[in-house]
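The values are calculated or read from the model by the stated rules, or taken from the named source; none is laboratory data. It should be emphasised that the depicted structure is a prediction, and the values quoted were computed from it without experimental measurement. Quick reminder, even Gly has a Cβ in these numbers, built from the backbone with ideal geometry, and neighbours come from all protein chains shown.
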Amino acid sequence: MEHKIGVYICTGCGIGDALDLAAIEKVATSDGKAALCKTHECLCSQEGHALVQADIDAGDVDVVAVAACSMREKQAELSWGETWVERINYREQLVWSHEPNDEDTQWLAEDYMRMLGARMEHVTRPEPHIEEMSDRVLVVGGGISGMSAALFAARAGKEVVIVEKEDGLGGFLRRVHRRFPVAPPYQELEENDIQATIDQVIANDKITVHLSSTIGKIDGAPGRFEVTVEGAGAKETVGSIVVAAGFVPYDAGKLTHLGYGEVKDVVTSVELEEMAREGKLVRPSDGADLETVVFVQCAGSRDPDHLDYCSTTCCSVSLKQTRYIREANEDAKTYVLYKDLRTPGQWEIFYQNVAKDGTIFVKSEVKSVAAGEDGGAVVTVQDVLLGEDVEIEADLVVLAVGQVPACQNEQLLKLGYRQGPELPSIDARIEIKEGDDEDEGPVERKDEVTGGFPNSHFVCFPYETRRTGIYAAGSVRQPTDSVTAADDAAGAAFKAIKCVALQSEGKAVHPRVGDMSWPDFALQRCTQCKRCTEECPFGALDEDEKGTPKPNPTRCRRCGVCMGACPERIVGFADYSVQSINSMIKGIYVAEEWEEKPAVLCLVCENDAYPALDMAGLARMKHSPFVRVVPMRCLGGLNLQWIADAMAKGFDGVLLLGCKAGDDYQCHFIQGSELAQTRLGKVQETLDRLMLESERVAFHEVEIDSFGAIPGIIDSFMERLEELGPNPFKD
Amino acid sequence: MSQSKPTLVVGGGMSGISTALELSELGLPVILVERSPFLGGKVAAFNKYFPKLCPPTCGLEINYKRLRKAANITLHTQARVTRVEGGPGDYSVTIEVEPRFVNDRCTACGACAEACASEREDDFNQSLAKTKAIYLSSPMAYPRRYVLDKEACDEGDLAKIQEACKYGAVDLEEEGSVLTESVGAIVWATGFSPYDASRVEYLGRGELPDVINNLQMERLADKTGPTGGKLLRPSDGKEVTSVAFVQCAGSRDLKHLAYCSGICCLASLKQISYVREAAPDAKVYMFHIDVRAGKYEQFYARIQADEGVEIVKGKVAGIFQEGDSLRLQVEDIESGEAIKVDVDMAVLATGMVPNTQDLPFEASTDDYGFLMMDESKGIIPTGCVRRPADVATVVQDATGAAMRALCQE
């Protein structure tokens, strides 16, 4: 590729004092392929900026390669309008990490220039992929979350389509008598005002509502989802989707040990809402008044045999329901049997208020629920505080049941995606197939440690699912109360709008927001091995009937996992490809054996390990100068060809620094680090073929704050390589 | 959507950063105001998140990366909003910016700090250490520009600092500034402060150096913190062999914070894992009224199953110095007995107090100072200034705040 590269070396921050700049300049303008090379004592100053700008204005330079601080520093100061900027880390990872004025440090600095020249031969400026797009929003579910999402999106000027399977809007709140207090003094129950929200939705001319309808199929990608609505029989084109299908109460049929289905006067908290709504707060068995009511908390929750999580709302629901009972009969006795009474936040105040009513709270284990002699039920509990069994005769036992996300019980989206029809949950993993067996499909491992709620980064980036442009809100995303659900929908609606706004300019969404590059597939060389379509963490690739990938750039997050997966090396981005990295590897000068200088390639995740290397430099921690760092968008882009080529060229070792993998993964692309490690499992064949020791290739997980460990990791790797001796493929 | 006026986001912690970035990436201009010299708020000082036990700096780095690219965010650190007039769509605000004494020529090379001998109390490290008078708060500090605490620096050092900087970045004459801005929407994200547990007299906080709070525990356990992650008790630097976690230190108590902050139980469970990792033989106690672990039941169960951990439903009635140790008097609710436990260090699980003092606008707050969402009045509260919340909820809420701001534009 023809570029006019201008290399600008900043001599500030100790760089100029530590290196032989004249020698570097020679390399820059030869192997570095630079048209010119200049130095400045402080490139990030106005004067430094002007020096570069003058060369750009004169037409001498169209790529500015800045050899200065890390690419994580001074981005605003070291930018020149739209001009392409490459960064070479001469500060944190060079002069701050290595001995000054040392021949090995100098060699490293010169190699980075060679790598620049080699890289630039294989990269071009990304041209954004731009498609005609719809900015309409589909909302699946017409409960409080869905209606809230729709109203927010409509306020922002977007057209919205709601698909609701029931014959009316309102969702679960249609079944609810009253709501617990949401404002100070958290004393009185709130009227259920869901009808007001329903009326707003119906009156809003930007919102189309399809009732008694479900999704028949969704094809396409963000910006051009084609939605078949069953029931209403409609076809809708939308740009993005909010999934707000809510929850279903845990199936009380599985709670026979708590008397449900066996004792008539045992009901669920949901059934009690309906009884209260209908004004029938009496014993179901005989219509008698309720004198004593027992609420059993965690009915099927926090229980490994049922739901192994806490739904966070059931305690407050029961507190609210004790009020229903007292309103019907102010002399009624109410008991709440609990493991831990959980009323976080301001609900605690409501708890304190309810406690004053006279409800008896018993920390206890329910041992059995049996029918009473004259109707009602007898609850036998082990009272934890008293340490003994207690029997409570109750007219009614209310089981506080938890929330199961609607996506656990039914298909909500029916996406026409090669990787499956629904949003994967956080613990869903795609296993890489080991052999070349064509028939072996992807295996979804689903251990449901989080109850099947769809998400991908539930702490830092809670809206990010693994399907671009599709965002979950409310209790389908996590157990939640109705107020929080409505709030949650605001965020999801925003994400839905933003996704289309960015994509319509050809820009990626999280976490590489604004990236204009996208993977290009040289399909004429595709062997239909399906690795890319299986391994994409975001389900971006579909397949034709032969198994050839069908890319969907607007589903893509630009991690490069497909590029790493492809054995034919046909996938690449304009500015990041198998060839560009291969070329960098080939550009590195590997010393001959007699020079006794090892060569090590270090592929580094730019999200965590690269900043960690920077911070090690900031702390002036030293490591071996024989390590050449190549940053990667994600180690999931690791292509084994690089390792084979590096070894054939005489590199003594390859070190990979990636994110933590596994259930508590830290990879921003879900599984990139895990995929890289799995691929490395196969590198053995390559090394065996070359008769090389497997220890020459090592993978380390580096957490971003563990930068203090990096010099140790590198040094011990170097020690092992020294024991193994030089790579016999050296010249 | 009229895009002419920027949104003002007040507070540069996780909430404010998230709202600012979401709006900015949609192409909307933002003015982000943070009172301290660096962004990140409380999250930047956390060692790990529950339940994944992953470093918060991992997600912060992504956010800082986004910020570096966000040309339409104007950031003011060491700044406060002192006046708000007008209403949604058309506010006029005054922002007062303190001098940093270090200008944008700073390259963060560190030569100034090397030349400086004067020290100041390290607020980022919760006063567990000192920093130089010219400093970055942490290895991840953003913006990457030193700040000078001029009052903590003696005259001689001021001259040395100025001389050490080759780039003319140290500006001892810098004066603060007062800016007037016109903005379309205001998002208030000023976060929380930990409850001052010294007000709960019987817990010994403030008198007994080995009674620390949960934020201090985060710094003690942090590999990049003042002890390099070693759990050294403050009084004498001894590595701890026993720790007690005291839940509801002022929370769920009508005399202090009547509400529950919702996250302290999970924070303590997380911190128990710090102790067990750093000192595998250490004995850990947790005294609580209820363990409120929210939806992270498996995380709770994992800690509960640890033989070195004793989780007791009980109220701590007093903490005293007893020779070399702290003695906790506890009413064990399950056994009904008064028990005594001796430990090296006690961690008070303090709740969240919203930072809503000296608001420059008339606000609707609840009885505890949390801002109420009242969109007709305009100002949009988000994060822990609105209600106690964990990080995930804060990010969720901040994204919702971006939506509300968008609707006001």
Inset, instruction - Output the residues belonging to the stretch A:134-167 that are in a loop (DSSP other than H, G, I, E, B), surrounded by fewer than 23 Cβ atoms within 10 Å (Cβ to Cβ) and not hydroxyl-bearing (S, T, Y). - result: A:D135, A:R136, A:A156, A:G157, A:K158, A:E159, A:K165, A:E166, A:D167
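So for the stretch A:683-696 (the condition being in contact (Cβ under 8 Å) with a residue 24 or more places away in the chain, in a strand (DSSP E or B) and surrounded by 20 or more Cβ atoms within 10 Å (Cβ to Cβ)), does at least one residue qualify? Outline the logic, then answer.
Keep residues of the stretch A:683-696 that are in contact (Cβ under 8 Å) with a residue 24 or more places away in the chain, which gives A:683, A:686-687, A:690-693, A:695-696.
Adding the requirement that they be in a strand (DSSP E or B) leaves none.
Within the stretch A:683-696, not a single residue is in contact (Cβ under 8 Å) with a residue 24 or more places away in the chain, in a strand (DSSP E or B) and surrounded by 20 or more Cβ atoms within 10 Å (Cβ to Cβ).
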Legend entry - Test: A:A493 is within 9 Å of chain B (Cβ to nearest Cβ) and aliphatic (A, V, I, L, M): yes
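Being within 16 Å of A:K363 (Cα to Cα) and either in contact with a Leu (Cβ under 6 Å, 6 or more places away or on another chain) or aliphatic (A, V, I, L, M) (or both): is that true of B:I339 here? Don't jump to the end; show me each part of the working.
Details: within 16 Å of A:K363 (Cα to Cα): no; either in contact with a Leu (Cβ under 6 Å, 6 or more places away or on another chain) or aliphatic (A, V, I, L, M) (or both): yes.
Criteria not met by B:I339.
Rundown of residues vs (1) modelled with pLDDT of 95 or more; (2) crowded, with 22+ Cβ neighbours inside 10 Å, yes/no style:
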{"position": "B:I161", "(1), (2)": "yes, yes"}
{"position": "B:A189", "(1), (2)": "yes, yes"}
{"position": "B:R199", "(1), (2)": "yes, no"}
{"position": "B:E207", "(1), (2)": "yes, no"}
{"position": "B:T224", "(1), (2)": "no, no"}
{"position": "B:S235", "(1), (2)": "yes, no"}
{"position": "B:K238", "(1), (2)": "yes, no"}
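Could you tell me which of the residues A:S318, A:S285, A:S301, A:S311 is out of contact with any helix residue (DSSP H, G or I) (no Cβ under 9 Å at 6 or more places or on another chain) and either within 30 Å of A:A490 (Cβ to Cβ) or not in a helix (DSSP H, G or I) (or both)?
Details: A:S318 fails: out of contact with any helix residue (DSSP H, G or I) (no Cβ under 9 Å at 6 or more places or on another chain); A:S301 fails: out of contact with any helix residue (DSSP H, G or I) (no Cβ under 9 Å at 6 or more places or on another chain); A:S311 fails: out of contact with any helix residue (DSSP H, G or I) (no Cβ under 9 Å at 6 or more places or on another chain).
The match here is A:S285.
Would you mind stating whether A:D389 is in contact with a helix residue (DSSP H, G or I) (Cβ under 7 Å, 6 or more places away or on another chain), more than 12 Å from every other protein chain (Cβ to nearest Cβ) and surrounded by fewer than 18 Cβ atoms within 10 Å (Cβ to Cβ)? Outline the logic, then answer.
Details: in contact with a helix residue (DSSP H, G or I) (Cβ under 7 Å, 6 or more places away or on another chain): no; more than 12 Å from every other protein chain (Cβ to nearest Cβ): yes; surrounded by fewer than 18 Cβ atoms within 10 Å (Cβ to Cβ): yes.
Judged against the criteria, A:D389 is not a match.
Residues A:L613, A:L675, A:L656: which one is in a strand (DSSP E or B), surrounded by 23 or more Cβ atoms within 10 Å (Cβ to Cβ) and not assigned by TED's automatic domain parsing to the domain that holds A:R72? Walk me through how you get there before you give the answer.
Values: A:L613 fails: in a strand (DSSP E or B); A:L675 fails: in a strand (DSSP E or B).
When all the criteria are applied, what remains is A:L656.
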Inset, instruction - Would you mind telling me which numbered condition in (1) part of a loop (DSSP other than H, G, I, E, B); (2) within 18 Å of the chain's Cα centre (by Cα); (3) within 14 Å of chain A (Cβ to nearest Cβ) B:A249 fails? - result: (3)
Inset, instruction - Kindly indicate whether A:V483 is assigned by TED's automatic domain parsing to the domain that holds A:D219, in a helix (DSSP H, G or I) and surrounded by fewer than 24 Cβ atoms within 10 Å (Cβ to Cβ). - result: yes
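Listed here are the residues, each with its yes/no results for (1) of a type in the set (K, R); (2) more than 25 Å from A:E543 (Cβ to Cβ); (3) in the same structural domain as A:A485 (by TED's automatic domain parsing).
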{"position": "A:Q195", "(1), (2), (3)": "no, yes, yes"}
{"position": "A:G220", "(1), (2), (3)": "no, no, yes"}
{"position": "A:R224", "(1), (2), (3)": "yes, no, yes"}
{"position": "A:A232", "(1), (2), (3)": "no, yes, yes"}
{"position": "A:A244", "(1), (2), (3)": "no, yes, yes"}
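Kindly evaluate A:F152 against the criterion of being under 18 Å from A:A496 (Cα atoms), among the aromatic types (F, W, Y) and in contact with an Asp or Glu (Cβ under 9 Å, 6 or more places away or on another chain).
Details: under 18 Å from A:A496 (Cα atoms): yes; among the aromatic types (F, W, Y): yes; in contact with an Asp or Glu (Cβ under 9 Å, 6 or more places away or on another chain): no.
Considered against the rule, which asks whether it is under 18 Å from A:A496 (Cα atoms), among the aromatic types (F, W, Y) and in contact with an Asp or Glu (Cβ under 9 Å, 6 or more places away or on another chain), A:F152 comes out as no.
Given the criteria touching a helix residue (DSSP H, G or I) at 6+ places or on another chain (Cβ under 9 Å), at the interface with another protein chain (Cβ under 10 Å from one of its Cβ atoms), aliphatic (A, V, I, L, M) and buried (at least 21 other Cβ atoms within 10 Å of the Cβ), does B:M352 qualify?
So B:M352 fits the description; yes.
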Legend entry - Unmet criterion (only one of (1) more than 11 Å from every other protein chain (Cβ to nearest Cβ); (2) surrounded by 20 or more Cβ atoms within 10 Å (Cβ to Cβ); (3) closer than 30 Å to A:V160 by Cα; (4) modelled with pLDDT of 95 or more) for A:P537: (4)
Inset, instruction - Could you check A:Q382 against (1) within 14 Å of chain B (Cβ to nearest Cβ); (2) over 30 Å from B:G336 (Cβ atoms) and say which number it fails? - result: (2)
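Taking A:V702 as the residue in question, decide whether it is over 22 Å from A:S577 (Cβ atoms), touching a helix residue (DSSP H, G or I) at 6+ places or on another chain (Cβ under 8 Å) and β-branched (V, I, T). Reasoning before the result, please.
Numbers: over 22 Å from A:S577 (Cβ atoms): yes; touching a helix residue (DSSP H, G or I) at 6+ places or on another chain (Cβ under 8 Å): yes; β-branched (V, I, T): yes.
Judged against the criteria, A:V702 is a match.
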Inset, instruction - Go through the stretch A:700-719 and count every residue that is of a type outside the set (D, E), in contact (Cβ under 8 Å) with a residue 60 or more places away in the chain and in a helix (DSSP H, G or I). - result: 7
Inset, instruction - Report whether or not B:G12 is closer than 14 Å to B:T382 by Cβ, assigned to a loop (DSSP other than H, G, I, E, B) and away from chain A (no Cβ under 14 Å). - result: yes
Legend entry - Single condition A:A67 does not satisfy, out of (1) small (G, A, S); (2) more than 10 Å from chain B (Cβ to nearest Cβ); (3) out of contact with any Gly (no Cβ under 7 Å at 6 or more places or on another chain); (4) surrounded by fewer than 18 Cβ atoms within 10 Å (Cβ to Cβ): (4)
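Yes or no: B:G378 part of a loop (DSSP other than H, G, I, E, B), surrounded by fewer than 23 Cβ atoms within 10 Å (Cβ to Cβ) and within 14 Å of chain A (Cβ to nearest Cβ)? If you could, list the steps in order and put the result at the bottom.
Values: part of a loop (DSSP other than H, G, I, E, B): yes; surrounded by fewer than 23 Cβ atoms within 10 Å (Cβ to Cβ): yes; within 14 Å of chain A (Cβ to nearest Cβ): no.
No; evaluated as a whole, the condition is false for this residue.
Considering each residue of the stretch B:171-203, count those that are closer than 20 Å to B:I17 by Cβ and of a type outside the set (V, I, T), and give that number. Reasoning before the result, please.
Residues of the stretch B:171-203 that are closer than 20 Å to B:I17 by Cβ, as a first pass: B:181, B:183-193.
Add one more test, that the residue is of a type outside the set (V, I, T), and what stays is B:181, B:184-185, B:188-189, B:191-193.
Of the residues in that region, 8 qualify.
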Legend entry - Within the stretch B:35-130, strands (runs of 3 or more DSSP E) holding 1 or more residues that are within 14 Å of chain A (Cβ to nearest Cβ), out of contact with any Asp or Glu (no Cβ under 9 Å at 6 or more places or on another chain) and of a type outside the set (D, E): B:73-76
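Against the definition (assigned to a helix (DSSP H, G or I), of a type in the set (V, I, T), more than 10 Å from every other protein chain (Cβ to nearest Cβ) and more than 15 Å from the chain's Cα centre (by Cα)), how does A:V500 come out, yes or no? Break it down stepwise before answering.
Values: assigned to a helix (DSSP H, G or I): yes; of a type in the set (V, I, T): yes; more than 10 Å from every other protein chain (Cβ to nearest Cβ): yes; more than 15 Å from the chain's Cα centre (by Cα): yes.
In short, yes.
Being over 25 Å from B:V211 (Cα atoms) and either within 11 Å of chain A (Cβ to nearest Cβ) or buried (at least 19 other Cβ atoms within 10 Å of the Cβ) (or both) narrows it down to one residue among B:A305, B:A363, B:A346, B:A301; which is it?
On the way: B:A305 fails: either within 11 Å of chain A (Cβ to nearest Cβ) or buried (at least 19 other Cβ atoms within 10 Å of the Cβ) (or both); B:A363 fails: either within 11 Å of chain A (Cβ to nearest Cβ) or buried (at least 19 other Cβ atoms within 10 Å of the Cβ) (or both); B:A346 fails: over 25 Å from B:V211 (Cα atoms).
On inspection, the qualifying residue turns out to be B:A301.
Table: residues versus (1) more than 19 Å from A:P611 (Cα to Cα); (2) part of a loop (DSSP other than H, G, I, E, B).
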{"site": "A:E47", "(1), (2)": "yes, no"}
{"site": "A:I56", "(1), (2)": "yes, no"}
{"site": "A:I88", "(1), (2)": "no, no"}
{"site": "A:Q93", "(1), (2)": "no, no"}
{"site": "A:S97", "(1), (2)": "no, yes"}
{"site": "A:N101", "(1), (2)": "yes, yes"}
{"site": "A:D104", "(1), (2)": "yes, no"}
{"site": "A:W107", "(1), (2)": "yes, no"}
{"site": "A:R119", "(1), (2)": "yes, no"}
Inset, instruction - Answer yes or no: is there a residue in the stretch A:637-651 that is within 30 Å of B:S138 (Cβ to Cβ) and surrounded by fewer than 24 Cβ atoms within 10 Å (Cβ to Cβ). - result: no
Inset, instruction - Scan the stretch A:199-216 for residues that are on the phi < 0 side of the Ramachandran plot and among the polar types (S, T, N, Q) and jot them down. - result: A:Q200, A:N204, A:T208, A:S213, A:T214
